[in-house]
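Only the coordinates and a few stated rules stand behind these numbers; no lab work does. Nothing here was measured: the structure is a model prediction, and the numbers come from that model. Ideal geometry is used to build each Cβ from the backbone, glycine not excepted, and the neighbour counts take in all protein chains shown.
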Amino acid sequence: MLGRGEIAIVGAAESTQIGAVPGMSQIMLHADAALNAMAECGLKPSDIDGVACVGPMMPQQIAHYLGITPTWIDGTGVGGCSFMIHVRHAAAAIHAGYANTILITHGESGKSRINATARPPEPEGLNGQFEMPYGPFGPPTLFPIPVLRYMKTYGVTHEDLAQVSVVTREWAGKNPRAMFRDPITIDDVLNSRMIAYPFRILQCCLVTDGGGALILTRADRAKDFPTKPVYILGTGESVETNMVSQMADFTSSRAFKVAGPTAIKAAGIKHNDVDHLMIYDAFAHLPMYGLEDLGFVKPGEAKDFINEGNTRPGGKLPLNTNGGGLSYTHTGMYGMFALQESVRQMRGTAPAQVPGAKISVCHGVGGMFSASGTIVFSNEKP
Amino acid sequence: MLEPGRPKPKPTPETKHFWDGTKQGKLLLQRCGDTGKVYFPPRPFSPYTGTRNVSVVEASGKAKLYSYVIHHRPVPGFTPPYAIAVVELEEGPRLMTNIIDCPQTPEALVLDMPLEVAFTPMDDDITLPLFRPAKGG
């Protein structure tokens with residue numbers, strides 16, 4: 001059994017630039033972040049013996065590009081939470097002795113589309129047969145499909161959902177790297193351009209270029225590195241369905257309800273031990289579902305919890321402190337950036353640092369509620 | 001009739017009966033032989049127990065509006081704004097569809113409103129199960 005705090009993150013970095021990066025192809029965004037992460041902890045490619053990145057045929061591309069000969073690889077690609085799942089698998093692999101020093105990379109030219117991943121139509125797939133004929137066109141038309149049912153079930157208003165964007169922007173205002181930093185009001189959100197009712201443009205994530213990388217090793221080796229180790233206390237993962245129309249419950253994600261509590265239980269913590277929380281916010285409803293499905297509040301209570309200011313700067317549960325996918329950056333697979341912010345908060349180096357934070361929970365979603373991964377971090381070895 | 005350009009489903013051996021059914025004006029679901037529960041999308045075994053003992057059953061075509069978005073940007077085959085809906089069939093399963101003969105507005109598209117299936121041909125091969133407000137509903 002993998003021990004709490006047995007594995008640590010010793011390297012963590014984003015690509016040198018995020019946002020619009022027209023001077024780098026997708027694979028170079030991977031490499032740029034990986035080089036930054038290796039540099040900060042004094043490693044060379046020859047020191048890395050495990051590689052994880054998203055997608056079919058990708059680990060060999062990244063390993064070759066960087067000059068790594070791995071004894072362990074993971075190409076798990078289940079959307080934007082794949083990196084949380086890579087962290088989980090990498091921790092287990094190090095525990096098992098399959099590798100000692102694992103590099104997880106992400107790069108996505110989501111905005112500039114240089115060597116970006118193509119997504120050809122699949123008319124024979126179940127999505128192609130039973131969803132695509134009805135006119136969905138990317139995540140903004142699919143991810144919000146359950147929202148009206150959630151609103152009706154719990155009496156959630158358009159103003160409640162707009163508040164998520166307002167609070168997230170407040171955090172972004174503290175982060176010089178955030179793409180959007182100017183304060184916004186509920187009226188600003190509700191008067192912004194309609195994309196797919198009930199959501200408007202300010203309730204949808206950004207589309208950017210960027211990359212990120214993490215380096216994991218055994219905690220007992222962490223003292224050999226110049227960086228402050230960030231310990232992995234607990235992890236969780238699950239999937240539900242690739243068809244948002246077939247979710248068992250439109251007011252809750254089954255994948256969230258497996259991954260989140262699995263991680264929290266493994267970490268041996270209680271909800272009120274958590275000092276800092278990241279919930280992948282591709283769209284404005286996700287922090288609400290995450291707060292409820294991970295058990296921070298009861299079903300239907302997330303709107304009040306957010307409206308009361310608990311997740312704002314100075315609140316008791318700071319949430320999405322980098323400005324989130326809504327205002328910081330969102331390449332297409334934002335989970336890597338949520339992990340980077342958890343690591344920064346645990347190192348004490350975040351632009352909007354939560355004073356004295358010792359435990360951070362980082363929760364990701366993949367596809368349209370189709371997958372989930374959760375990591376509990378601490379800067380103290382248990 | 002449907003605008004040209006809409007993505008066209010391509011049946012597989014496991015879903016052919018469903019698409020043959022819609023062409024004949026039947027909405028065909030499947031029933032688990034172990035639990036009696038009806039399921040969708042089509043597959044030749046039960047997602048509840050894994051049994052291959054399943055049967056095809058014809059749905060009533062009655063449904064209620066479960067959730068939706070109204071898309072405001074242009075997409076090939078669609079004129080915005082148009083609703084992408086999920087309906088809950090009387091038999092239990094939910095499916096994605098479009099709502100026709102109804103303004104595509106939040107005021108007209110009320111959750112839980114009763115609906116009925118409206119088989120709508122794309123072409124000679126494929127008929128889509130769209131839905132419309134139920135008569136007298």
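Annotations
- Seen from A:Y280, the other residues with C-beta closer than 14 Å to its C-beta sum to a net charge of -4, counting Lys and Arg as +1 and Asp and Glu as -1.
- Using the Karplus relation 6.51 cos²θ - 1.76 cosθ + 1.60 with θ = phi - 60°, the per-residue 3J(HN,Hα) values for the stretch A:69-79 come to 10, x, 9, 8, 9, 9, x, 3, x, 10, x Hz, with x marking Gly and Pro.
- Evaluating 6.51 cos²θ - 1.76 cosθ + 1.60 at θ = phi - 60° for every residue in the stretch A:19-36, the Karplus couplings come out as x, 9, 10, x, x, 9, 7, 4, 5, 6, 5, 4, 5, 4, 5, 5, 5, 4 Hz, glycine and proline recorded as x.
- For the stretch B:62-114 versus the stretch A:1-53, the gap between their alpha-carbon centres in whole angstrom: 44
- Per residue of chain B, the DSSP helices (runs of n ≥ 4 H) give a summed -39500 (n - 2.57) that works out to -1500 deg cm²/dmol at 222 nm.
- Chain A - percent relative contact order, Cα under 8 Å, separation 6 or more: 26
- Once the chain from A:T71 to A:S46 is taken as fully extended at 0.36 nm per residue, the excess over their C-alpha distance is 7.8 nm.
- Label-to-label distance, nm, for residues given as B:N53 and A:T157 (7 Å Cα→Cβ offset): 5.4
- Amide H contacts under 5 Å for B:T120, placed H, 5+ residues apart: B:L128, B:L130
- If you take all other residues with their beta carbon under 13 Å from the beta carbon of A:G212, and give Lys and Arg +1 and Asp and Glu -1, the sum is -4.
- Rounded to 10°, Cα long-axis angle of helix A:82-96 versus longest principal axis of chain A: 30
- With Cα atoms, 0 to 90° folded angle of helix A:158-172 axis to chain A main axis: 30
- Each residue in B:C102, A:C362 was given a count of other beta-carbon atoms within 10 angstrom of its own, and listing them fewest first yields B:C102, A:C362.
- Under 11 Å, Cβ to Cβ, from A:C53 - net charge with Lys/Arg +1 and Asp/Glu -1: -2
- Charges were assigned to the Cβ only: +1 to each Lys and Arg, -1 to each Asp and Glu. The resulting dipole of the stretch B:16-133 about its Cα centre is roughly 340 debye.
- Gain on full extension, evaluated as 0.36 nm per residue between A:M57 and A:E380 minus their Cα-Cα distance, stands at 112.6 nm.
- The residue among A:A172, A:Q203, A:P140 whose Cα reaches farthest toward the positive pole of the charge dipole of the stretch A:62-209, with charges on the beta-carbon of Lys, Arg, Asp and Glu, is A:A172.
- Annotation for A:T185 and A:E122: the two label points, set 7 Å from Cα along the Cα-Cβ direction, are 4.6 nm apart.
- Using only side-chain charges placed at the Cβ, +1 for Lys and Arg and -1 for Asp and Glu, the dipole size of chain A relative to its Cα centre rounds to 460 debye.
- Cα long-axis angle, helix A:335-347 against chain A (0 to 90 degrees, to the nearest 10): 70
- Estimated 222 nm signal from helices in chain A, with DSSP H stretches of n ≥ 4 weighted -39500 (n - 2.57), rounded to 500: -9000 deg cm²/dmol
- Only Cα sites of the stretch B:16-133 enter the Debye sum here, all with the same form factor; the resulting log10 I(q)/I(0) across q = 0.15, 0.23 1/Å is -0.71, -1.27, listed in q order.
- Estimated FRET transfer efficiency when R0 is 41 angstrom, pair A:A39-A:K358 (beta carbons, to 0.05): 0.90
- Cβ-to-Cβ counts within 10 Å put A:Y328, A:Y98, B:Y68 in ascending order as A:Y98, B:Y68, A:Y328, the fewest first.
- Considering only A:N100, A:L294, A:S238, the residue lying farthest towards the positive end of the dipole of the protein assembly as shown is A:N100, judged by Cα position with unit charges set on Cβ.
- When +1 charges are put on Lys and Arg Cβ atoms and -1 charges on Asp and Glu Cβ atoms, the dipole computed for the stretch A:215-374 relative to its Cα centre reaches about 500 debye.
- Relative contact order [Cα under 8 Å, 6+ residues apart], the stretch B:16-133, whole percent: 23
- Averaged over the residues of peptide B:5-17, the number of Cβ atoms from other protein chains lying within 10 Å of each residue's Cβ is 4.
- Inter-chain Cβ neighbour count for A:138-149, averaged per residue, equals 5 (cutoff 10 Å, partner chain atoms only).
- Close amide H partners of B:K37, meaning residues 5 or more places away or on another chain with modelled amide H under 5 Å apart, are B:C32.
- Three-way shape call for the stretch A:278-359 based on the alpha-carbon gyration tensor, with the a/c threshold at 1.5: oblate
- For the stretch A:52-65, 3J(HN,Hα) computed residue by residue from phi via the Karplus equation (6.51, -1.76, 1.60; θ = phi - 60°) reads 10, 7, 7, x, x, 6, 8, x, 5, 5, 5, 4, 5, 4 Hz, glycine and proline entered as x.
- Here the mean projected area of the convex hull built on the C-alpha positions of the protein assembly as shown is 23.7 nm².
- Residues whose placed amide H lies under 5 Å from that of A:G234, excluding near-sequence neighbours: A:V376
- Principal semi-axes in Å for the stretch A:324-382 [√(5λ), Cα gyration tensor, largest first]: 22, 15, 7
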